[in-house]
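Structure, as structure tokens:
The values are calculated or read from the model by the stated rules, or taken from the named source; none is laboratory data. Note that the structure is a prediction, hence the values are computed from the model and not measured. Every residue, glycine among them, receives a Cβ derived from its backbone with ideal geometry; neighbour counts consider all protein chains shown.
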Amino acid sequence: MAGGRKATCNVKLDGTDEPPVLQGRAAMTTSEARVVVDLDVTGPTISRHLYGHFAEHLGRCIYGGFWVGENSEIPNEGGIRLDVVEALKALGIPNLRWPGGCFADDYHWRDGIGPREERPSMINSHWGDVVEDNSFGTHEFMALCDLLGADPYVNGNVGSGTVREMSEWVEYLTRGGESPMVSLRRANGREEPWRVPFWGIGNEAWGCGGHMRAETYADLARQYATYCRDHGDNTLYRIAAGAADDDLAWTEALMKAVTCGLGCRTSPKHFFQAISFHYYTHAGDSIATTPATTFSDEQYYATMAKSLDIDRVIRAHSAVMDAYDPDRQVGLVCDEWGTWWKVEEGTNPGFLYQQNTQRDALVASTHFDVFHRHAQRLVMANIAQTVNVLQAMILTDPDTGALVLTPTYHVFEMNRGHHDAQLLPSHVLSTPSTSVGDTPLDLLSVSASRRDGSALLSLSNLALEDALEVSLDLRGVPFEVARGRLLAAEDPRAHNTPETPDAVAPSTLETRVEGTTLRVTLPPAAFATVELTLS
Ligand code: AHR
């Protein structure tokens, strides 16, 4: 790893040099499924920003995760951990949301600029009631984005901030030439403006961001957005703080605020350009109750049902948005998603540190299948959160600093070929299914896309006991299999630790081709990708 501490993982970050074949969980029996994919019928582009990330001042996400400080023994550039940067670059990380979350509405950006030893401290009241010394601030975040090659998504403070404060932050970051904020930025060592494409107008305004009513926030969003100006050639994509789960009334209030009303076709997205929503996955009980690594089979299936239910939620928000904005000019952004388990024993409950198993990998893979299908309206998604918090890509050991890549990380890496690719229609003609309560649950989830003469198929077998033989009729374009990859484990509770970093890691998937039919056998609770070369 360039310049960094060697990751405790023997799988190369680009997915090559994989161990031969990991068989996964022994199957009780094998079921069958049939799928048709039209390789020659292209749909909307799957924005790479659906693979976005989120880093909050929460627990060990920033401090100990991204940031170790310049004096650390862990290899770093200007205090930023290089092994974390390398691991995320291998995912093609498209954007990074910061500084929160709930923290964003408590954050005053001027406390995080200038000489570090002179920066005032604050209490991080939402997350552990610990002292935040502001040593990671605006310049450090922008340096991190530069190292990652990721677009910054800065989330401003509506809850406890002012319009002027937010307006000046935009000016400080993005204005060139001469101005009061430009002078301040220059005094802090940065001559040129940065490019900031994405701007959040507060967070969870219905809750930690101010406990507002929808109409109150909708008006504030218009007001704040007005003063978040485009400076020079920096054009902001302003994202209003949206609903929790399927709170459609919240979305409707924002759509009324951003458009000129039902049936009116002028000036949609005039004030802000997108609306967010947040969706967390749990095991059917509530967040923060089920342990990450010890769960029952029932809880596993309940998790899969909850994960796939995001399809209903996106459909419902989209239907509301379609009524006001039939041309789909306003974007929908899911800027917090992922699993939320009980914190690991012995860790600060306010730090939201949880392990990450093959179950989490399948939550990620099924979310992506859903996200791909909604690519026309859904323009961005950000997993919560990138390092050491909730459904993380990366876990770092607080004592040794060792870095572990989680099963979720591998799903992001294996799906990288979907970034900015065009959705291909995939029709599941038959699949085994089960039910969770009264809700039917199909045990096969798929999606497919095409880009530059190649296609990528993603397949998840959600069954815990049975392997799944999938026959895919790949129509319209002659193809060859370039590579099949499998993410499987002896047990869906399997996870990676510094001692066993590759307990869950990609291996080779065997593929069989007869005419236009591709056959693969997926072990129980497994995720797989097949890369095709198209002629
Ligand atoms: O991701 C953790 C927290 O969950 C975020 O700060 C908040 O927006 C959400 O409630």
Fill in: strands (runs of 3 or more DSSP E) lying entirely in the range 330-406 (those with 3 or more residues that are farther than 26 Å from GLY24 by Cα)
331-339, 378-384
Item to complete: Please state which one of GLN422, GLN358, GLN376 is away from the ligand (no atom under 15 Å from the Cβ), buried (at least 24 other Cβ atoms within 10 Å of the Cβ), of a type outside the set (Gly, Ala, Ser) and over 23 Å from GLU56 (Cβ atoms).
Response: GLN358
Item to complete: Find all pairs meeting these conditions: Cβ atoms under 8 angstrom apart; at least six residues apart or on different chains; first residue within the range 305-317 and over 25 Å from ALA463 (Cβ atoms); second residue among the hydroxyl-bearing types (Ser, Thr, Tyr) and buried (at least 19 other Cβ atoms within 10 Å of the Cβ).
Response: HIS317/THR251
Practice prompt. Report yes if GLY189 is part of a loop (DSSP other than H, G, I, E, B), touching a residue at least 24 places away in the same chain (Cβ under 8 Å) and over 27 Å from the mean Cα position of the chain (by Cα), otherwise no.
Written response: yes
Item to complete: Please give the number of the condition TYR224 fails out of (1) touching a residue at least 60 places away in the same chain (Cβ under 8 Å); (2) part of a loop (DSSP other than H, G, I, E, B).
Response: (2)
Worksheet entry | Only listed residue being aliphatic (A, V, I, L, M), surrounded by fewer than 24 Cβ atoms within 10 Å (Cβ to Cβ) and within 11 Å of PHE272 (Cα to Cα), chosen from LEU236, LEU248 | LEU236
Discussion item. Going residue by residue through the range 66-86, is there one that turns out to be at pLDDT 95 or above, among the charged types (D, E, K, R) and touching an Asp or Glu at 6+ places or on another chain (Cβ under 6 Å)?
Written reply: no
Practice prompt. Take ASP466 and decide whether it is more than 26 Å from LEU534 (Cβ to Cβ), in contact (Cβ under 8 Å) with a residue 12 or more places away in the chain and either in contact with a helix residue (DSSP H, G or I) (Cβ under 9 Å, 6 or more places away or on another chain) or not acidic (Asp, Glu) (or both).
Written response: no
Worksheet item: Looking at the range 313-335, is at least one residue modelled with pLDDT under 95 and of a type in the set (Lys, Arg)?
Response: yes
Worksheet item: Conditions: (1) modelled with pLDDT of 95 or more; (2) surrounded by 22 or more Cβ atoms within 10 Å (Cβ to Cβ). GLY24 meets all but one. Number of the miss?
Response: (1)
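Considering THR408, THR347, THR431, which residue is of a type in the set (Val, Ile, Thr), closer than 23 Å to GLY52 by Cβ and modelled with pLDDT of 95 or more?
THR408
Quick check, is THR251 away from the ligand (no atom under 16 Å from the Cβ) and part of a helix (DSSP H, G or I)?
Against the criterion (away from the ligand (no atom under 16 Å from the Cβ) and part of a helix (DSSP H, G or I)), THR251 qualifies.
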Worksheet item: How many of the residues making up the range 469-509 are in contact (Cβ under 8 Å) with a residue 60 or more places away in the chain and in a strand (DSSP E or B)?
Response: 14
Worksheet item: In the range 84-143, which residue that is within 14 Å of the ligand (Cβ to nearest atom) and hydroxyl-bearing (Ser, Thr, Tyr) is surrounded by the most Cβ atoms within 10 Å (Cβ to Cβ)?
Response: TYR107
